[in-house]
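Working notes, structure below.
The values are calculated or read from the model by the stated rules, or taken from the named source; none is laboratory data. Fair warning: this is a prediction, and the values are worked out from it, not measured in the lab. Don't worry about glycine lacking a Cβ; one is built from the backbone with ideal geometry, like all the others, and counts go over all protein chains shown.
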Ligand SMILES: [Zn+2]
C-alpha cells in the first residue's frame, strides 16, 4: 500500500483536490482519492508528499517510435508533401541498429516522464522488441498504404503477418490504413476485416482536401513525381474517404485534423461505429504545416479529444507534457484540467482503455504522474514544468 500527496491532485474525472491523498494498493490500483482530514498531509505519517500536482499517467494516442532516429531529417515548414519527400530522402542513411537505439531511448524518456500507454504506428517490426520489453503499454497500429492495385494483396498479407508477430511478442495490434491520399479504397476494405481499431491520418493539410475536392495541389504533384497515380477528385473533402469504409464494430482514431471543418465533424459524427476520437499533435502540425488544429470547433462539438506526439521527425518530444505546454501557450483560455483530460482520459478512451486508465478513480490502475514547477496559484503550466512517473505498476491490455 502507498499513500501519495501533493499540493494538488488533478483526478481528471473530478475537480482538483488541494493537498489530497491518493491511496494505492501494491498493484497500483487506486483504493481511494480523498481530501486531507485534519492535519496537513505533508506531516502525516506514511504519506509521501511532493511539491506540485499529481495526475493520472499520460496516454499518448499517436506516436511513430520507428521514426525516432529521423529527428531533424525533414525541413521545418515544408508542408506535408515536403515532409514526406524529406523523410524518403533520409531513411536509407540509417542502419536498423541506429533506429532501434533511438526508439529505445524515446521509450525510456516517455516512460520516465509519466506516460503509461501509447498508440504507436508500425510499418515494420523494427520497434517490436522495444515495445514488448517496455513497462509502457503499447497498442501497435500496423499501418499500410498503397496506390498501386497490384500491391494491395501483398501489402495486406504482410500487414497480417506483422500483426501476428506483434501478438506473438505479447503486443496488442490492429491493422490500419495510413491516410486517404495514400491508400486505395480496396486496401481500406481489406484492412477493415477483423481490425477493431483504426488510426488514420486525417486532413493534415489543405492540399489533402484539395486532392479529393477538385484535384491538383502539392500532394498530387508529389505522387506524380514518384510515378504514382494520385487519388482522383470526388468533390468531397478527404475525411469522407475514411468514413465510407469504417465498420460498425470499429473504433476510429482520426489523427491531426488540421484542416477539418464543422461540416466534416458532423459527417463523422453521423457514422455508425464504436466511437471516434480526434487525436491532435499540435507540435507536429506547427513543424510541418505551420498551423494548428481547429481546437475551438472540436471543443464546441464535444469531441473526444486525445493528444499524440507524432514522431520525433516532426520536431516533437516523446513526452506529452510538451504538447500540453504548447497548448497552454497558444490557447491560454483553455484550462489545464481540460487539456490534461485530453492527455489522459481522452487517449485512454481512444485506445479502448478508459475502464482502467486515464483518471484517478477507485478501481483503476492509471499510474500517477507528478507535475513540478507549476504556477500553483493559477493552476497553470509554466515553461519550466517537468513531469515524472511516480508509479511503476503498469496495467496491461488484459486488465481492462
Ligand atoms: Zn503520424
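List every residue pair whose Cβ atoms lie under 6 Å apart, where the two residues are 6 or more positions apart in sequence or sit on different chains, the first residue falls within the range 272-287 and is assigned by TED's automatic domain parsing to the domain that holds residue 200, and the second residue, located anywhere, is within 12 Å of the ligand (Cβ to nearest atom) and assigned to a helix (DSSP H, G or I).
Matching pairs, first to second residue: 284/314; 287/314.
Take the conditions part of a strand (DSSP E or B) and away from the ligand (no atom under 16 Å from the Cβ) and apply them to residue 142. Does it pass?
no
List the helices (runs of 4 or more DSSP H) inside the range 199-254, counting only whole elements, that have at least 3 residues being in contact (Cβ under 8 Å) with a residue 60 or more places away in the chain.
It comes to 218-225, 239-245.
A quick yes/no check of all residues on (1) in contact with a helix residue (DSSP H, G or I) (Cβ under 9 Å, 6 or more places away or on another chain); (2) modelled with pLDDT under 95:
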site	(1), (2)
138	yes, no
159	yes, no
165	yes, no
179	yes, no
196	no, yes
214	no, no
227	no, yes
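So, restricting to strands (runs of 3 or more DSSP E) that lie completely within the range 17-101, which ones have at least 1 residues that are touching a residue at least 12 places away in the same chain (Cβ under 8 Å) and within 16 Å of the ligand (Cβ to nearest atom)?
In the range 17-101, the matching strands (runs of 3 or more DSSP E) lie at 58-63.
Within the range 255-351, which helices (runs of 4 or more DSSP H) (wholly inside it) include 1 or more residues that are buried (at least 19 other Cβ atoms within 10 Å of the Cβ) and within 16 Å of the ligand (Cβ to nearest atom)?
The helices (runs of 4 or more DSSP H) meeting that bar are 282-289, 320-330, 347-350.
Considering only the range 104-120, I want to know if a residue exists there that is over 24 Å from residue 386 (Cα atoms), buried (at least 19 other Cβ atoms within 10 Å of the Cβ), assigned by TED's automatic domain parsing to the domain that holds residue 181 and in contact (Cβ under 8 Å) with a residue 60 or more places away in the chain.
No, the conditions are met nowhere in the range 104-120.
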